[in-house]
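Comments concern the structure below.
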Amino acid sequence: MTRPPHLAPPLDLAGLVADPATRIVVCCGSGGVGKTTTSAALALAAAEAGRHVVVLTIDPARRLAQSLGLQELDNEPRLVETPGVAGSLHAMMLDMKRTFDDVVAAHSTPDRAEQIFANPFYQALSSSFAGTQEYMAMEKLGQLRATDRWDLIVVDTPPSRSALDFLDAPNRLSRFLDGTMIRLLTAPARAGGRAGVRLVGAGFMIFSRIISKVLGGQLLADISTFITALDTMFGGFRERATATYELLRQPGTSFLVVASPEPDALREASYFVDRLSTEGMPLAGLVLNRTHPPATTSLSATRADAAAEAVAEAGGPGAKLAAGALRVHAERMTQATREQRLADRFTSAHPGVPIRTVPATGGDIHDIDGLRIMGEALMAEETATGTGTPRSRVLPARPPAA
């Protein structure tokens, strides 16, 4: 007896984005699965539902601006023209250096800020060091949430496994700040004045000579000056990153994993689901994007191929066209069966994760009208399909064989 397939729970995205209790939606997934477009479509649908939404992309690519019909995005929320929409929609792209500059300016005196901005080590750290983007993503998200200007924030993460690295920002920052090198570099300043230098002088000089040989004297001096200037801000960095991390774990936040019906993309989706579970983050479900459901499921691929052969052999007016249509349907059924098999494999590993399938469009989405069409597919009721196939599946569930 064949076991019935694992049926995924339906994913109610319309209820999710319309619920005033939902304040943050984080979309994550691998590259090339339509994650940015999904983020923008969700944000637009929420605005149409009357909410005031800002969509923030951490992805340095410019796909979000293109999908919203904008020329460019920057570090400040930019209004998206959406005539007739009950709410409002803003969009922005994280600029990690500018965000870092804003944090420094907001939490130090003008003279201290200028000293930090001019420091060569800060200039490198704020623009290219690994981990800076994740820290600044947490800062920007915290800033947006604190303003209460928007009642929903949609976050579009980078298209890779590093998409969830910002969850590590508080721990990484704590390890960095509590590291031996940082404590030694800031020891004279922490001890206070010349007396402090004399107190820690011997150990620091030994440390300084060793590190100077490795890093070079000028770089060490730049680092030491930077750390000393920024020392009073470190506690604030850590506290804000930790507060934002805790905010992401609250009921008002929902994570959406976006994937396409391909083995690699669903393998990455499994990684994201497991990682979110480990972190205790609230997972809303999986958006299975770019699926290929057939126009009808009453004719199998095998029967369609056989009928195409019979029609071609019989000949007559329209036979060639009819045979071609039957073969196209057979290919579509074969593709849909493959996609459903992959989706069932994911559901077998994660039976409690809700799923919403979204059919592939004819081309790239690059304007509001295209986003609205995708939003309709995301928001539609579970059973509102022409074929009767629920939106949590590509094909109807087959009854178990006796």
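The values are calculated or read from the model by the stated rules, or taken from the named source; none is laboratory data. The shown structure was predicted, so the numbers you read here are calculated from the model rather than taken from an experiment. Because the Cβ atoms are built from the backbone with ideal geometry, glycine has one as well, and the counts that use them run over all protein chains shown. Heads up: the accessible areas ignore ligands, DNA and RNA and are worked out on the full protein's heavy atoms, side chains in. Shrake-Rupley method; radii C 1.70, N 1.55, O 1.52, S 1.80 Å.
Between H366 and T278, the FRET efficiency from the beta-carbon distance, with R0 = 41 Å, is close to 0.65. Taking label positions 7 Å along the Cα-Cβ direction at both Y271 and R341, the computed distance is 2.4 nm, reported to one decimal. Projecting label points 7 angstrom from Cα along Cα→Cβ for E72 and A322 puts them 5.9 nm apart.
Under the classification rounded if a/c is under 1.5, otherwise prolate if a/b is larger than b/c and oblate if not, where does the range 95-137 fall, given a ≥ b ≥ c as square roots of the Cα gyration tensor eigenvalues? It comes out oblate by the Cα gyration axes.
How would the range 326-388 be classified by its alpha-carbon gyration tensor: rounded, prolate or oblate, with rounded meaning a/c under 1.5 and the a/b versus b/c comparison settling the rest? All intermediate terms of the calculation are to be shown ahead of the outcome.
Working: a/c = 1.85, a/b = 1.19, b/c = 1.56.
Oblate, because a/c is 1.5 or more while a/b does not exceed b/c.
Using a 1.4 Å probe and counting only protein heavy atoms, arrange V55, V311 so the residue with the most accessible area comes first.
V311, V55
Each residue was assigned an accessible area with a 1.4 Å probe, and for Y245 the value is about 30 Å². Between E239 and S298, the simple label model (points 7 Å from Cα in the Cβ direction) yields a spacing of 6.8 nm.
Could you look at the range 281-322 and say what percent of its accessible area is carbon and sulfur, using a 1.4 Å probe and all protein chains? Provide the component values of the computation, followed by the final result.
Values: 1360 of 2280 Å².
Ligands and nucleic acids excluded, carbon and sulfur give 60 percent.
Rounded to the nearest 10 square angstrom, H366 shows an accessible area of 110 square angstrom against a 1.4 Å probe.
Where the accessible area of the range 326-402 is counted over protein heavy atoms with a 1.4 Å probe, how much of it, in %, is carbon and sulfur?
Values: 2210 of 4070 Å².
C and S atoms contribute 54 percent here.
Quote to one decimal, in nm, the extra length available between A106 and L7 on full extension: 0.36 nm per residue of separation minus the C-alpha distance between them. Computed gain between A106 and L7 is 30.6 nm.
Rounded, prolate or oblate, given the Cα gyration tensor of the range 285-377, with a/c below 1.5 counting as rounded?
Judged from the Cα gyration tensor, the range 285-377 comes out oblate (a/c at least 1.5, b/c at or above a/b).
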